[in-house]
Structure formats: structure tokens, C-alpha cells
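Trainee: Can you read through this structure? Questions will come right after.
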Amino acid sequence: MPKDFYYVYVLQSLKDHKLYIGYTGNLDERLKAHNAGQNISTVNRRPLKLIFFEGFLAPDEAKRREQYFKTTKGKVALRTILKETLESM
């Protein structure tokens, strides 16, 4: 992953199949931290699988997209984007 990008990402718990939405400047390290139990929001939902990400040049753009995906309308849009992925799990 390029280091000069900021990412909004979606993880799916392999334990309860729920989704977690976040943003970061280092996707690889963030995924490792989640699966190592270093995030209180996902510590009891491990293991987690990365199922979606988008890259942005500006951190504010990634944060804005994360906030959108956490709205009701954004959740509907995200589930539409990930329809086949979610059905296969």
C-alpha cells in the first residue's frame, strides 16, 4: 500500500460477522493492530478480515467517507457495494 494515502476500510468479524468501519494512514499496520487486540472496539470480535478499502490523498477525505459509511444512508450504500461479498460469508 502506498504510504502517502489515507484509507477508509471495512473489517468483518469472522466470529460474529459484524462490520467495523475505520480510517487510517497505514492500512497494513492498522489491520495487524486490530487482529492483535489493540483496538477496544474489535478486541472481542477477532479474528477480523479486511473486506473493503478506499484510498484518498487527504486525511479529511478519508475521515469524511468513514463518517458517511457510519450513517444509515452510508450503511445501505456500503451493503449494496459489498452485496456479493457479504452473501458469500
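Trainee: So how do Ile81, Ile40 rank on accessible area, 1.4 Å probe, biggest first, that is with the largest at the start?
Mentor: Ranked from most to least accessible, the order is Ile40, Ile81.
Trainee: Which whole-Hz couplings ³J(HN,Hα) result when phi for each residue of segment 24-40 is put into the Karplus expression 6.51 cos²θ - 1.76 cosθ + 1.60, θ = phi - 60°, listed in order with x for Gly and Pro?
Mentor: 7, x, 9, 5, 4, 5, 5, 5, 4, 5, 4, 6, 8, x, 8, 10, 4
Trainee: Quote the accessible area belonging to Lys32 in square angstrom, nearest 10, computed with a 1.4 Å probe and with ligands, DNA and RNA left uncounted.
Mentor: So the heavy atoms of Lys32 present about 130 Å² to solvent.
Trainee: Sticking with this one: Using the structure shown, list the pairs from Lys49/Lys73; Lys32/Lys73; Lys49/Lys70 with a Cα-Cα distance above 21 Å, or answer none.
Mentor: Long pairs (Cα-Cα over 21 Å): Lys49/Lys73; Lys32/Lys73.
Trainee: Separate question: Below 11 angstrom from the Cβ of Tyr23, what's the summed charge of the other residues (Lys, Arg +1; Asp, Glu -1)? Before the final figure, lay out each step's value.
Mentor: On the way: positive: Arg30, Lys63, Arg64, Arg65, Lys70; negative: Glu54, Asp60, Glu61, Glu66.
Every neighbour counted, the sum reads +1.
Trainee: Before I look further, what does the chain give for accessible area per residue, probe 1.4 Å, in whole square angstrom?
Mentor: Numbers: 5630 Å² over 89 residues.
Heavy-atom accessible area per residue stands at 63 Å².
Trainee: By accessible area of protein heavy atoms, probe 1.4 Å, what ranking do Glu29, Glu87, Glu66 get, highest first?
Mentor: Most to least solvent-accessible, the answer reads Glu87, Glu29, Glu66.
Trainee: Summarise the accessible area of the chain (1.4 Å probe, protein heavy atoms) by the percent that is carbon and sulfur.
Mentor: Within the chain, the accessible surface is 53 percent carbon and sulfur.
Trainee: Just to verify a number: FRET efficiency for Arg64 and Thr85, C-beta to C-beta distance, R0 = 22 Å, to 0.05?
Mentor: For R0 = 22 Å, the calculated efficiency reads 0.40.
Trainee: For the chain, what does the helix formula give at 222 nm: sum of -39500 (n - 2.57) over DSSP H segments with n ≥ 4, over the residue count, nearest 500 deg cm²/dmol?
Mentor: Rounded to the nearest 500, the figure is -11000 deg cm²/dmol.
Trainee: With θ taken as phi - 60° and the coefficients 6.51, -1.76 and 1.60, list the Karplus ³J(HN,Hα) couplings across segment 10-17 in order, rounded to whole Hz; mark glycine and proline as x.
Mentor: 10, 10, 10, 6, 7, 8, 10, 6
Trainee: Of all DSSP beta bridges in the chain, what percent run antiparallel (nearest 5)?
Mentor: Just about 100 percent of them are antiparallel.
Trainee: Quick one: in the chain, what % of C-alpha pairs are over 22 Å apart?
Mentor: Pairs farther apart than 22 Å: 25 percent.
Trainee: A further question on this structure: Take Phe53, Phe5, Phe69 and sort them by solvent-accessible surface of the protein heavy atoms, 1.4 Å probe, largest at the top.
Mentor: Phe53, Phe5, Phe69
Trainee: Let me ask you something else. Only Lys, Arg, Asp and Glu count, each charged at its Cβ (+1, +1, -1, -1), so figure out the dipole size of the chain about its Cα centre, rounded to 20 debye.
Mentor: Here the chain has a charge dipole of around 360 debye.
Trainee: Using a Gaussian network model of the chain whose springs link C-alpha atoms within less than 10 Å, name the residue from Lys15, Lys49, Lys63 with the highest mean-square fluctuation.
Mentor: Looking only at Lys15, Lys49, Lys63, the biggest GNM fluctuation is shown by Lys15.
Trainee: Which value, in Å² and to the nearest 10, is the accessible area of Asp28 when all protein chains are kept and the probe is 1.4 Å?
Mentor: The accessible area of Asp28 comes to roughly 80 Å².
The values are calculated or read from the model by the stated rules, or taken from the named source; none is laboratory data. Treat the numbers as computed from the prediction; the structure is a model and nothing was measured. As a convention, Cβ positions derive from the backbone with ideal geometry for all residues, glycine included, and neighbour counts pool all protein chains shown. All accessible areas refer to the heavy atoms of the entire protein, side chains included, with ligands and DNA or RNA removed. Shrake-Rupley method; radii C 1.70, N 1.55, O 1.52, S 1.80 Å.
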